[in-house]
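Okay, structure first, notes after.
All of the numbers you see were taken from the coordinates with simple rules; none came from a lab. Because the structure is a prediction, the values reported are computed rather than measured. With ideal geometry, Cβ positions are generated from the backbone for all residues, glycine too; neighbour counts draw on all protein chains shown.
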Amino acid sequence: MNENLPVNFSENPLVSGKAAEITISGGNNNLVAHADNVENNITVMLNDPRARRGQNRERIIFNTDFYHLFVISGEKFEDNYFLVPKDRALTESTNDELKSKFAALTPEAIDDLKRYPAIFADENHSYGKTDDKQDAYFGFVKDVKIQDNGIKIYYTIITAIPQQKLNEQCFELGIGGAKSFNELNRTHWALKQINLIEALQKAGVQII
């Protein structure tokens, strides 16, 4: 390999706080010389068999730096929305930095929140565990509305996951608690700084 490849900076002047782009000639390759924020994105194509031919594919881009955990007691996730109590929406089991950034649910915060994948779950049927019949769901948030009676979450489900698998992966998923009680035993909405897709795939759970 030639260690003296010609290196050209882009013609645009360097801007403070913005990533500088370097082009290495010969391979049309770009390197990021510096970036204050690097996002990990994954694109998913959804198929809707009910849509007309040619209109049944939806392109979803997930940012995998974070994921939502929604646990709602008695929720069957059969409608296109559910409610989270206001006092349990991004108020617990979420680090202080994320609370400060997102808990106020400003329009800008909601736009960002819609980019992260999500787990939707009913509370465990037992303490720290559940039965083989209980499923949680992997999907994404479509919109968030603040109401007098709670926070309304509009969502789309992509696939079901045996909820006991989540109980068995508490540490990897950042789901805090003890052996007899964890976050899947309490109604709340938390945001986790964990790559959900990678963690589930390592656990043998195929979601996309």
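Give me the lysines in straight-line cross-link reach of Lys76: C-alpha distance below 17 Å, same-chain residues under 8 apart excluded.
Once the sequence-local lysines are set aside, what remains near Lys76 is Lys133, Lys152.
Tell me, Kirkwood radius of the stretch 79-135 from alpha-carbon pair distances, in Å?
13.7 Å
If amide H atoms are built 1.01 Å from N in the plane of the peptide, which residues on other chains or at least 5 residues away come under 5 Å of the amide H of Ile158?
For Ile158, the qualifying residues are Phe138, Gly139, Phe140.
Quick check: pseudo-label points 7 Å beyond the Cα along Cα→Cβ at Ile157 and Ile61, how many nm apart are they?
Here the answer is 2.8 nm between the modelled labels.
By counting other Cβ atoms within 10 Å of each Cβ, how are Val141, Val205 ranked from fewest to most?
Val205, Val141
Can you give the percent of C-alpha pairs in the stretch 57-185 whose distance is more than 23 Å?
30 percent
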